[in-house]
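Below you'll find the structure, written out as structure tokens, and then a few comments.
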Amino acid sequence: MGLALAMSLAVLMSACGGGTGASSNTVRLTVWTWSNEAATAFKKGGIIDAFKKANPGVDLEVVAQLDKNYETLLTTGLAGSGSPDVVALRSYGVLSSFADSGNIVPLDDVVKDWTGFSKSALAGAKRKSDGKVYAVPQGIQTAQVYYNKKIFADLGLGVPKTWDEFIAAAQKIKGAGIAPIVVPGAVAAQISLAAEILGNARRGAGGFQQAFLAGQKNLTDPDDVAAIGLMDQVKPYLVDNVTSVTLDEAVTLFATGKAAMFPSGTWQVTTFANLGAKMDYGTFNVPANADWPSKSVTVSYADGGWALAKRSAHPTEAAALLNWLAGTEFGNLYANAMGTIPARDGVTLKNPLLAEMYQRYQSTPSTYLGAAYLRYGSPSGTDLLGEQVQKIWLGKATPAAAAQSVQTGIDAWFKPGDFKQE
């Protein structure tokens, strides 16, 4: 049934005393997300109004659920009679598990045009077992090193071009009485992210990933051990008591100029803006030494997607919404309102810092291995790596022992060959 026919039936029902939504001839779709920022972007970023203009007679209600309980709330909500129509899902393992439950439906034939989306964005929206697409990608996060331009300029430092120059810069910053690097060392997932930013190229980037997924290498490979070893190398240059530093504290230390560098994700641009931070900062990819197996890369991963609930009361209108969410109008509105790298082409970023990060991503993308492939079972590889790096910093583990512990942990569920190569 087409959208026009559905709308005609809605009008006919209203004449008989039926109808749903804000008025008798309006269908209201409910969208759930874990992100307050996303809900605000829909409401204040002109997204709802733009959709309603393109789809007269259909209204949107965007509800931000409690983030820490989101997957639990969503499991219950999707199984009930009052199911939302469209839901935001985190990519990779989380999305795949909801697809396995049968509470969301494949979108390969629902969305009419996928051509604008990058392969990496679509990879995060696919179910592992069948390779079908179950969500419209929201965006891409890249992970790079933020640096304080004033501190660098005051010390006569430029953006480092090799890992050795990166360490030399950290030494000079420390000598000036400033903490060179801050990492949220109390949070395993954030440590794992930092380890990926620093170590992706040293591990071998895409070449290692392909060999790992094919079962030709595992995490005890010397290149991966060396990549983890970089976290040991930066230990002297981290803020004091790093294993007690929370994410909020790390953001504050960088934003107030008490730490010169902060390896983190694209979303921090919006975080710093919302804080009203006044510092002048830039970003760079971790530079590679000439003898590393890969050149410098931009770490990236798919950042969630919009899925169709199986029990949606308005599947035709929900399909129309998903097709609109897959288009360039939404892509431009959402990426600029959220401050994220777009998942599809045809988007122009207005923020020059984000535009620079986007250009870097387009030139040298490399998938965050842990986020994309090591979160499909328990224990997750990213949690394990974060915990092991904490032990390295506390002098309780070596890089080789850490790599072995992570590999042993994922051996409980990870099977090479389970993932289709993109």
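The values are calculated or read from the model by the stated rules, or taken from the named source; none is laboratory data. Only a predicted model underlies this, so the values are computations on that prediction, with no experimental measurement involved. Reconstructed Cβ throughout: ideal geometry from the backbone, glycine too, with neighbour counts over all protein chains shown. Accessible surface areas use protein heavy atoms only, side chains included; no ligands, DNA or RNA. Shrake-Rupley method; radii C 1.70, N 1.55, O 1.52, S 1.80 Å.
Each DSSP beta bridge with both residues in the chain is either parallel or antiparallel, and the antiparallel ones are about 60%.
Under 1.5 on a/c is rounded, so check that first for segment 201-354, then, if it is not, pick prolate when a/b is larger than b/c and oblate when it is not; a ≥ b ≥ c are the square roots of the alpha carbon gyration tensor eigenvalues. Because a/c hits 1.5 or more and a/b fails to exceed b/c, segment 201-354 counts as oblate. Charges were assigned to the Cβ only: +1 to each Lys and Arg, -1 to each Asp and Glu. The resulting dipole of the chain about its Cα centre is roughly 260 debye. Test of understanding: what is the full-extension gain from THR256 to SER129, defined as 0.36 nm times their sequence separation minus their Cα-Cα distance? Length difference between fully extended and current span is 41.1 nm.
Between THR348 and THR270, residue separation times 0.36 nm minus the direct Cα-Cα distance comes to 26.4 nm.
Phi angles of segment 71-86 translate, via the Karplus equation with coefficients 6.51, -1.76, 1.60 and θ = phi - 60°, into HN-Hα couplings of 4, 5, 4, 5, 4, 5, x, 6, 8, x, 6, x, 4, x, 8, 10 Hz per residue; Gly and Pro are given as x. Spread over its residues, the convex hull of the C-alpha atoms of segment 296-373 is 106 Å³ per residue.
Against the main long axis of the alpha-carbon atoms of the chain, helix 188-203 sits at an angle near 70°. Amide H to amide H under 5 Å from VAL105: which residues, 5+ apart in sequence or cross-chain, H placed 1.01 Å off N in plane? HN-HN under 5 Å from VAL105: LEU308, LYS310. Phi-derived couplings, Karplus 6.51 cos²θ - 1.76 cosθ + 1.60 at θ = phi - 60°, listed residue by residue for segment 274-286: 5, 6, x, 4, 9, 5, 8, 9, x, 9, 8, 6, 4 Hz, with x used for Gly and Pro. What is the percent carbon and sulfur in the accessible area of the chain, measuring with a 1.4 Å probe over the protein chains and ignoring ligands? About 51 percent, which is the carbon plus sulfur part of the accessible surface. The residue among ALA176, THR142, ALA188 whose Cα reaches farthest toward the positive pole of the charge dipole of segment 132-197, with charges on the beta-carbon of Lys, Arg, Asp and Glu, is THR142. Three principal axis extents describe the C-alpha atoms of segment 135-272; from largest down they are 47, 37, 28 Å. The peptide list 138-148, 341-351, 87-97, 176-186, put in order of mean Cβ contacts within 10 Å with the highest first, becomes 138-148, 87-97, 176-186, 341-351. Treating r as the C-beta distance of VAL63 and THR398 and R0 as 41 Å, the FRET efficiency rounds to 0.30. Charge dipole of segment 212-272 (Cα centre as origin; +1 on each Lys and Arg Cβ, -1 on each Asp and Glu Cβ, all else neutral): 120 debye, rounded to the nearest 20. Spatially, segment 38-110 and segment 370-422 are offset by 30 Å when compared through their Cα centroids.
From the Cα gyration tensor of segment 226-308, with a ≥ b ≥ c the square roots of its eigenvalues, which class applies: rounded if a/c is under 1.5, or else prolate if a/b is larger than b/c, or else oblate? In terms of gyration-tensor shape, oblate.
Charges were assigned to the Cβ only: +1 to each Lys and Arg, -1 to each Asp and Glu. The resulting dipole of segment 368-418 about its Cα centre is roughly 100 debye. Shown is the FRET efficiency for ASN36 and SER363, computed with R0 = 30 Å from the Cβ-Cβ distance and rounded to the nearest 0.05: 0.40.
Among the listed pairs LYS174/LYS295; LYS52/LYS126; LYS126/LYS310; LYS128/LYS295, give every one whose C-alpha distance is greater than 22 Å.
LYS174/LYS295; LYS52/LYS126; LYS128/LYS295
Mean silhouette area of segment 303-422, derived from the convex hull of its C-alpha atoms and averaged over all directions, reads 11.2 nm². Here the extension length gained between ASP291 and ASP411 equals 40.2 nm, from 0.36 nm per residue of separation less the Cα-Cα distance. Semi-axes of the equivalent ellipsoid of the chain are 41, 24, 18 Å, computed as sqrt(5λ) over the eigenvalues of the C-alpha gyration tensor in descending order.
Solvent-accessible surface of the chain, averaged per residue with a 1.4 angstrom probe and all protein chains in place: 42 square angstrom. The modelled label-to-label distance between ASP109 and LYS235, using points 7 Å beyond Cα along the C-beta direction, is 5.7 nm. Once both labels are modelled 7 Å past Cα along the beta-carbon direction, what's the THR162-THR328 spacing in nm? About 4.4 nm separates the two model spin labels.
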